[in-house]
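See structure below.
Just so it is clear, none of the values below were taken in a lab; they were calculated from the coordinates. In this text, all values refer to a predicted model and were calculated from it rather than measured experimentally. Here Cβ is always computed from backbone atoms with ideal geometry, including for glycine, and neighbour counts include all displayed protein chains.
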Amino acid sequence: MFGNPPVDAAAPAAVAASSTSPKRTILRTCSSLIRVIGVATPQARVRIGLLVALTVAVAGLVSGWLEPGSSKAARRAAAAPTVQTKKVGKLGVILVNSKGRTLYMFVPDHQKKVTCTSNACVALWPPLKIKKGHSPTAGGAAKKKLLGVDKSPAGYRVVTYNRWPLYTYITDTKPGQTTGQGIPSAGGKWYVLSPSGKVIRKS
């Protein structure tokens, strides 16, 4: 007699808009953890970094993670110099990768070979890899003559600078961040490098 109540066609859209997507939730979680790192002790930074690494790994399984235009951004990054430079606060001019992310050296490498090879280490400190048959390039104040390549025991090739294998840090999510500077992790300390190849130990 009364029939079905009228359906508001805009209601589903409103509900969808108000709901939180998995990607947005993950990004908010990572952002919150990274803010905590700024005031945490070195030991706590490492633990939080591991948690961020796990969160990012989960994010890779979320459908729709890649947005329109991401492939274009990837092509631009691929065309940029492998190692560039950027002025970052009190640290001055330091080495960064093609996306502007800070590059670090690992003290136990001793300017000889890649020693960050365990799954746990690589998850926190992704090495700056380069494909076979390709040579690293320099940009900004980086010096081409200091670039090199070292083969990891895992088989991939890692870019070196002044014989130091180069790595990024998982909690550096934007250009100019240096949350890994001077922290003890994976059995040694990590520092940024100057364009001359000198280790910068100040924080």
| field | Violating pairs (Cα-Cα greater than 24 angstrom) within the set Lys113/Lys144; Lys86/Lys202; Lys90/Lys129; Lys86/Lys132; Lys86/Lys174 | value | Lys90/Lys129; Lys86/Lys132
| What FRET efficiency comes out for the pair Lys202/Ala154, r = Cβ-Cβ distance, R0 = 45 Å, nearest 0.05? | 0.90
